[in-house]
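See structure below.
The values are calculated or read from the model by the stated rules, or taken from the named source; none is laboratory data. All figures in this text were calculated on a predicted structure; none of them were measured in a lab. Cβ placement follows ideal geometry from the backbone for every residue including glycine, while neighbour counts extend to all protein chains displayed. Accessible surface is based on the protein model in full, side chains and every heavy atom, while ligands, DNA and RNA are left aside. Shrake-Rupley method; radii C 1.70, N 1.55, O 1.52, S 1.80 Å.
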Amino acid sequence: MFDRHQGGERVILVALDFGTPDFAESVAELRLLATGAGLEILGEVQGKRSRPDAALFAGSGKADEIAALVAAAEADVVIFNHELSPAQERNLERRLQCRVIDRTSLILDIFASRAQSAEGKLQVELAQLQHLSTRLVRGWTHLERQRGGVGMRGPGEKQLETDRRLLGVRVKALRERLARLGKQRRTQRRSRDRQQVLSVALVGYTNAGKSTLFNALTRAGAYAADQLFATLDTTTRKLYLPGLGEIVLSDTVGFITRLPHDLVAAFRATLEATAEADLLLHVIDASSPGRERQIEAVEKVLGEIGADSVPQLRVYNKLDLTGVAPGVGRDEYGKLQSVYVSAQTGAGLELLREALSEILGANRVQNETAAHDETAFSPMVHTA
């Protein structure tokens with residue numbers, strides 16, 4: 001019989017190279033995720049494969065190597081930098097005799113520990129339950145045993161079936177509560193629209209410096225730290241721009257490569273604010289060697305939530321780490337494309353404010369012109 005091992009804080013990291021160009025950066029990212037979760041990394045196992053092994057993902061020989069390191073280091077958990085199937089997870093736990101989780105589970109665990117608002121906690125719980133639902137099937141033997149004993153005899157429902165049914169009830173309840181919160185948020189946004197308040201959303205790869213930039217622009221005092229997913233809950237503040245007045249600026253959750261699908265789905269309601277913004281400030285870590293890959297990851301998620309059509313200004317941050325001078329970038333028609341700043345030192349922030357005024361002012365004029373033309377050319381309705 002096999003019962004699932006309990007978790008712990010002492011971990012071994014496993015990363016396999018399947019020929020992807022960003023392997024080294026992905027491994028470094030896994031280390032940041034693990035340390036950000038407060039885990040003690042006892043060792044790492046790496047290897048190369050052409051494709052995953054169907055049963056053990058890493059193959060029998062590599063699994064034995066991991067098992068030897070687990071025993072020698074007395075590790076509690078092995079974390080794979082990949083997405084494991086329920087069967088692979090179960091087989092590895094039997095082979096390694098310790099808890100095994102994948103990259104998705106680690107990210108979900110970090111989100112669970114960082115969520116502060118009631119809605120954020122609901123969204124994370126929903127994502128965790130949706131992920132867990134795939135792990136209930138034949139994963140834990142105690143769930144497959146027939147319920148018995150005094151007060152437990154009855155229709156013959158197995159514990160696994162009971163857990164699956166209760167999980168489904170909880171998922172449904174969470175979705176209903178999040179739907180109600182989403183409705184309230186849409187009502188608030190309609191109120192802002194009636195007042196013609198422009199909205200700008202900060203988006204970007206996790207740890208690109210969005211919260212630091214948000215604080216520098218609004219003096220909001222939002223939590224910012226040099227770690228992945230420091231901020232989960234959307235924070236909104238007003239920002240005054242000369243010649244334009246007050247706008248609403250929102251700081252959103254950071255993105256990452258292979259962001260769990262369940263997490264994107266659970267946070268979709270929150271991220272709707274991004275899709276309905278007048279402008280996106282795409283904050284990019286100018287000092288990162290993998291910034292092009294990070295830009296692609298952000299663009300992919302924006303497409304998934306329907307925000308890829310929103311006008312975008314790229315903000316290259318952390319110039320203090322690159323030695324590059326603050327400035328702006330324009331296309332061949334003189335249209336603003338990018339701004340180069342350091343949120344940490346404040347260099348270039350005035351250029352960013354001017355860019356926001358220029359873009360949002362032009363958008364406001366364009367929208368007012370379009371609305372005037374639509375009114376002018378609307379067909380007259382004659383009544384008898």
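Miscellaneous remarks
- Some residue of the range 113-130 being surrounded by fewer than 20 Cβ atoms within 10 Å (Cβ to Cβ) and within 23 Å of Leu56 (Cβ to Cβ): no
- Residue in the range 65-88 that is within 18 Å of Ala34 (Cβ to Cβ), assigned to a helix (DSSP H, G or I) and charged (D, E, K, R) present: no
- Residue in the range 331-351 that is charged (D, E, K, R), modelled with pLDDT of 90 or more, in contact with a strand residue (DSSP E or B) (Cβ under 9 Å, 6 or more places away or on another chain) and open to solvent by 50 Å² or more (accessible area, probe 1.4 Å) present: no
- Residue match in the range 85-97 (condition: in contact with a helix residue (DSSP H, G or I) (Cβ under 7 Å, 6 or more places away or on another chain), at pLDDT 85 or above and hydrophobic (A, V, I, L, M, F, W, C)): yes
- Selection within the range 63-87 - under 20 Å from Thr134 (Cβ atoms), open to solvent by less than 20 Å² (accessible area, probe 1.4 Å) and free of Cβ contacts under 8 Å to residues at least 40 places away in the same chain: Leu84
- Looking only at the range 28-59, residues that are among the aliphatic types (A, V, I, L, M) and part of a helix (DSSP H, G or I) come to 5 in all.
- Residue match in the range 107-120 (condition: free of Cβ contacts under 8 Å to residues at least 60 places away in the same chain and touching a Lys or Arg at 6+ places or on another chain (Cβ under 6 Å)): no
- Residue in the range 17-25 that is open to solvent by 10 Å² or more (accessible area, probe 1.4 Å), without any contact (Cβ under 8 Å) to a residue 24 or more places away in the chain and either β-branched (Val, Ile, Thr) or over 27 Å from Ile295 (Cα atoms) (or both) present: yes
- Of the residues making up the range 307-330, just one is within 24 Å of Gly245 (Cβ to Cβ), open to solvent by 50 Å² or more (accessible area, probe 1.4 Å) and part of a loop (DSSP other than H, G, I, E, B), namely Pro311.
- Exactly one residue out of Arg103, Arg90 is among the charged types (D, E, K, R) and out of contact with any strand residue (DSSP E or B) (no Cβ under 8 Å at 6 or more places or on another chain), and it is Arg90.
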